[in-house]
1. From the set of residues in segment A:86-106 that are out of contact with any helix residue (DSSP H, G or I) (no Cβ under 6 Å at 6 or more places or on another chain) and under 21 Å from A:I39 (Cα atoms), which is least open to solvent (accessible area, probe 1.4 Å)?
2. Across segment A:171-195, what is the number of residues that are of a type in the set (D, E) and under 14 Å from A:W129 (Cβ atoms)?
3. Of all residues in segment A:41-78, how many are in a loop (DSSP other than H, G, I, E, B), open to solvent by less than 50 Å² (accessible area, probe 1.4 Å) and at the interface with chain B (Cβ under 10 Å from one of its Cβ atoms)?
4. Are any residues in segment B:20-39 part of a helix (DSSP H, G or I) and more than 7 Å from every other protein chain (Cβ to nearest Cβ), and if so, which ones?
5. Quick check on my filter: what residues within segment B:40-66 are crowded, with 17+ Cβ neighbours inside 10 Å and either charged (D, E, K, R) or more than 11 Å from chain A (Cβ to nearest Cβ) (or both)?
6. Specify which of the listed residues (B:E104, B:E145, B:E84, B:E137) is closer than 19 Å to A:F86 by Cα, at pLDDT below 90 and either over 11 Å from the mean Cα position of the chain (by Cα) or open to solvent by 90 Å² or more (accessible area, probe 1.4 Å) (or both).
7. How about segment A:133-172: which of its residues are open to solvent by less than 80 Å² (accessible area, probe 1.4 Å), over 26 Å from B:L103 (Cα atoms) and at pLDDT 85 or above?
8. Could you please let me know if A:D9 is touching a helix residue (DSSP H, G or I) at 6+ places or on another chain (Cβ under 7 Å) and in contact (Cβ under 8 Å) with a residue 12 or more places away in the chain?
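The values are calculated or read from the model by the stated rules, or taken from the named source; none is laboratory data. Because the structure is a prediction, the values reported are computed rather than measured. Here the Cβ positions follow ideal geometry from the backbone for every residue, glycine too, while neighbour counts run over all protein chains shown. In case anyone asks, the SASA skips ligands and DNA or RNA and just uses the protein heavy atoms, side chains included. Shrake-Rupley method; radii C 1.70, N 1.55, O 1.52, S 1.80 Å.
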Amino acid sequence: MFILTKIADLVQIPPSQFEQHSRVAIENNINAKYANRVIQKIGLCICMYDLLWASEGLIGHGDGFVNVNVEFRMIVFRPFKGEILFGTISNASPDGLKIRTDFFEEIFVPYKELPENTEYDHNEKAWVWVVSEDQRMHYDMNETVRFQVIDETWNDQLLENGGQEAVERGKSISPYTIKGSMMKEGLGVCIWWDY
Amino acid sequence: MRILEAQNAVLTNVEVHKFLSDQAKQYQAEKRRGPSNLETLRDEMLKYFDTSPNPLSQKPLKYDVDAIPVLLKKLRPYKISKGECIMVVNMRPSNTATLNAVLEDMENRFNEEQQEAIINIIIEVLGEFPPPAEEDEDNVMDTTEEGQ
């Protein structure tokens, strides 16, 4: 579920960080900018993997920042289509199940991607897989599951008009959402299959 | 910011786990704290790897990054694709149901014997979780009966 992405960027080191070793200052700057942020069509950035090249530092006019051109590789979370992952059930609604991992929240399994004979119990507010009359398997909250990635959606939160409204709208839509499935044999709640 | 290469390489969970654990140790040794978004994310990721039934939650770790080429070599005769191998390393399927989830069209590609052989290779190279401790209960029962 992880890839390495090669990126070229400009790092600006403020005078307050001059006493740090350049490697350290560069790594901190890159991680501060990218860690836990989504790059559209690339994925969720985790952290810098290695620094491939850095130029000499040039001091810009007007400010004391040292500008360094860098090329580095970043660890990025981006599961491929068809990949199987672990997750935990975070929410159940008549539309389907919401799944999360400790570091990524936006995974949704629509009800069509649950095995046949799965029904929504409105009293318990949970999905139940009716295997047979006396075997009802519950998709309980916080249970660890295996799911398959079937699609991904990108929402560019670019602020075209600006203003507070656009900021609010940007905050409510996730930049990166994953659609999952638990249809295949072996998917679903882990304790059903692990023996 | 320019993306030079969107996908330069693919990493398995164990490789990322090693990288983050080593980074955590190195920062601690240098008494250094990275930016807060990095520290938070690293804690969340290590917690994810540490949660059962993730194979990396088993302590001591049953396999490390060196197991990957060994596994690839042993699985080569079965013509398992790269993506499937990554999933095998990440998920460590231990029975035919979980193996079926990871392999495409398993029933048609491999007969029962081959499926078992693949699982045995996985257990051999990547290890497995200890079986649930049911035997202990039986032993306790026996001793009590004998004690009478």
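1. Top of the filtered list is A:F104.
2. Summing the residues that are of a type in the set (D, E) and under 14 Å from A:W129 (Cβ atoms) in segment A:171-195 gives 1.
3. 1
4. B:L20, B:S21, B:D22, B:Q23, B:A24, B:K25, B:Q26, B:Y27, B:Q28, B:A29, B:S36, B:E39
5. Across segment B:40-66, the qualifying residues are B:R42, B:Q58, B:Y63.
6. Sole residue among the options that is closer than 19 Å to A:F86 by Cα, at pLDDT below 90 and either over 11 Å from the mean Cα position of the chain (by Cα) or open to solvent by 90 Å² or more (accessible area, probe 1.4 Å) (or both): B:E104.
7. A:D140, A:W154, A:N155
8. On the way: touching a helix residue (DSSP H, G or I) at 6+ places or on another chain (Cβ under 7 Å): no; in contact (Cβ under 8 Å) with a residue 12 or more places away in the chain: yes.
Here the answer is no, as A:D9 does not meet what is asked.
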